[in-house]
Structure formats: structure tokens, C-alpha cells
Amino acid sequence: MSKVVVVTSGKGGVGKTTSSAALGAALAQAGQSVVVVDFDVGLRNLDLVMGAERRVVFDLVNVVQGDAKLPQALIRDKRLETLWLLPASQTRDKEALTEDGVEKVMDGLRARFDWIICDSPAGIEKGATLAMRFVDQAVVVTNPEVSSVRDSDRIIGLLDSKTRRAEGGEKLEKQLLLTRYDPARAARGEMMKVEDVLEILAIPLLGIVSESADVLTASNLGFPVTLHNPASPAARAYADAARRLMGEEVTVTTPKEKKAGLFGRLFGKRVAA
Amino acid sequence: MSFLNFFNRNRSAPVARERLQVLLAHERAFAGRSDLAERLQKEILAAIAKHIPIEGDKVVVRLERGEQVSTLEIDIEVPEQALAR
């Protein structure tokens, strides 16, 4: 049976699109059939992060409004056979998505794929509420930073009240994906620790992705990080998170501070400061 | 870490954590997740006001959501002279 998952956060810039692409690719690399759906109508970027920006012809809004059939809008990844993308449109019309239309698209996708990953726009407006409306479970992407944690808390509240599942009294599983974590700063007390965020948000942990240059490099090149550099810590973190999504028991390892040499410690910090 | 930093650590994370806990306890109770806290506050205030003159902001109701157990915290500040009479 297929699973519909929303990747959401409330706050912008925390890594929703990066995480949607990476989790989608990791699931596909594990042999699952996956579609990643961009709900950020007007500000689409998933196509760019996944390296398919020049292949977009039809989009989610075209399908919702009946101007294109679902298979016409689906773009198959060039590197992974079982990974697909349903792009958002660039229209500025906020009313472009309707609840009925999105439900039909979701039903169509459920019939075709094992996993439907909905990349939510930031905020709590229509795009974000429609992205979460028909999901079975949620990945809440959070940075260890006060405004991100607060917005995640707000989104958890919406997931518990505004989704079809919640309204029907069913359980909606929510898991935390902590991104841009910096173990060195957490160790120095400059950044909230994993446990702090977990205690505050009180949802189970899906994974921890450290702040990493590999993530930016991968998106620069239009690759999900799990495809570009599978051995990198970020890619491994996403691959493990994908396995947890599939129900495997994988222990979460908290990233440790890399010990810099004496030279690095003395001069690395001074340059950064 | 430089020599100076070692003695002057920027341990701001505990402050962040503390501020969030206080703020979210309040927001969870009052920001649309459920109007339970709000209704409780009104009814508790009404019940007390029958017997003691009390200001609306002296009754604070907090709902804190946890994984297994959630807690309901009711904080009522009673003015000194109201009890003296």
C-alpha cells in the first residue's frame, strides 16, 4: 500500500526541498517507486534541486485544473528509474490549487507509486495546508534554532487538527528531521542539542543531518545529496532516515564534533571570527 | 576554540531552550490548537469571581502536551486584601 508523506516545517529555508529530494532519492535507491510533489506553487524549486528544471512541461496546477493528464506532468529522474517528480507551477494565482483537485491527484499518485513525498511550501497558508491535507504521515524539518522550533510546533498543531486523517480521528505519525545541526556548536552550548529540540517538540526522531558543504554542492549540481555523494555524512543520514520511514529499525547516531588539530583550533576559529 | 573564548563561553543554547519552553506552553494552550484552555480560564475565573473579586489576568491556564501525558497547569493569583476581608 502506498504512503503519502508531507515534508513540512512552517519556517522557510530549513531544508524542506533538499530533504524531500534526498529522502525521495534514498527511497528510490532502496528500490521503492517514488514521486516527489512540489506544492510550492509560484516558487517552484524542487525541479531545480533535482536537476529537472529544463524538462518541465506540465505541472501540478495543470493537472489539478484538468489542462493536462497526470502522466503528462510526471517527470522521470534521469539517474534513478523509480524516482519521479511532479513539479509545481510558476503561476502567481494563489487559488490555483483546490482541495478536490489535490485529492484527485493524490488518488492518482497512490495508484502508481509506493511513496508520495509532498514538499510543502513554507508558511501556514493554503499551499501548506493542502500539502498536508491527504497525508498518512509527516516529516517535520527543524533547525536547532528558536524560530524554526516554534514554527515546527505550530505545524505539528496543524497536522493534528487540519489533516483528513486527524479529522477522521485516525493517528497521523509525525517524525522530526533535525537539519543543519552543528555538533561542535551544540557541544559548546551555542546551539540547542538534539535532546532539547526533541523534548520541546515531543515527536519521535527520524534523523539528524549535520550542516554540510555536500548538501550545497549537490543542489548546485542538481543532484539529491544521496545520489551525488552517497558516502557523505549528510547522504548517510538521509539514507538512514529513508530506511526508518520504511519501518526498519535503524539506530540514530548523533553526529559528533570533529576534533580539529591544534593548528585548526587556534587559527580556524580566529579566521572564522 | 581560542584562549579567550575558553573563559567566556557563549552558552546561549540553554536560554533558547528555556524561552521556547515558556513560549510554547502558552501558545499550545491558546493558539487555536484547542480552545479548551480558554474555556477553562473563563469558567474558572467566573467561579472564583463569585466569591473573590479577581482580575481576568490573574487566572492563568496552561496546557502542556507531552508524548504520553499532558499536564494542565492552573495558576491563580489571589490578591492579599480579597482574603483579608
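Please pick out the residue among A:Gly66, A:Gly101 that is on the phi > 0 side of the Ramachandran plot and without any contact (Cβ under 8 Å) to a residue 40 or more places away in the chain.
Testing whether each residue is on the phi > 0 side of the Ramachandran plot and without any contact (Cβ under 8 Å) to a residue 40 or more places away in the chain leaves just A:Gly66.
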*Of all the helices (runs of 4 or more DSSP H) wholly in segment A:161-201, which have at least 1 residues that are among the hydroxyl-bearing types (Ser, Thr, Tyr) and more than 21 Å from the chain's Cα centre (by Cα)?*
none
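Being open to solvent by less than 50 Å² (accessible area, probe 1.4 Å) and within 14 Å of chain B (Cβ to nearest Cβ) is the filter; apply it to segment A:202-215 and report the residue that is farthest from the chain's Cα centre (by Cα). Quick ask: steps written out before the conclusion?
Filtering segment A:202-215 down to residues open to solvent by less than 50 Å² (accessible area, probe 1.4 Å) leaves A:202-203, A:205-210, A:212, A:214-215.
With the extra rule that they be within 14 Å of chain B (Cβ to nearest Cβ), the set shrinks to A:202-203, A:205.
Values: A:Ala202: 19, A:Ile203: 16, A:Leu205: 14 Å.
If we take residues in segment A:202-215 being open to solvent by less than 50 Å² (accessible area, probe 1.4 Å) and within 14 Å of chain B (Cβ to nearest Cβ), then A:Ala202 is farthest from the chain's Cα centre (by Cα).
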_Condition check: more than 14 Å from chain B (Cβ to nearest Cβ), crowded, with 17+ Cβ neighbours inside 10 Å and in contact with a His (Cβ under 6 Å, 6 or more places away or on another chain). Does A:Ala218 satisfy that?_
yes
*What are the residues in segment A:83-102 that are open to solvent by less than 10 Å² (accessible area, probe 1.4 Å) and among the hydroxyl-bearing types (Ser, Thr, Tyr), if any?*
A:Ser89
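Let's see how each residue does on (1) farther than 15 Å from A:Leu130 by Cα; (2) open to solvent by 10 Å² or more (accessible area, probe 1.4 Å); (3) under 12 Å from the mean Cα position of the chain (by Cα); (4) free of Cβ contacts under 8 Å to residues at least 60 places away in the same chain:
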| position | (1), (2), (3), (4) |
| --- | --- |
| A:Ser9 | no, no, yes, no |
| A:Leu60 | no, no, no, yes |
| A:Glu81 | yes, yes, no, yes |
| A:Arg112 | yes, yes, no, no |
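Taking segment A:30-58 as the region of interest, how many residues are of a type in the set (A, V, I, L, M, F, W, C), touching a residue at least 40 places away in the same chain (Cβ under 8 Å) and more than 13 Å from A:Gly222 (Cβ to Cβ)?
8
The values are calculated or read from the model by the stated rules, or taken from the named source; none is laboratory data. Small disclaimer: the values here were computed from a predicted structure and weren't measured. Glycine gets a Cβ as well: all are built from the backbone with ideal geometry, and neighbour counts include every protein chain shown. Quick note on the areas: whole protein, heavy atoms, side chains included, nothing else; ligands and nucleic acids left out. Shrake-Rupley method; radii C 1.70, N 1.55, O 1.52, S 1.80 Å.
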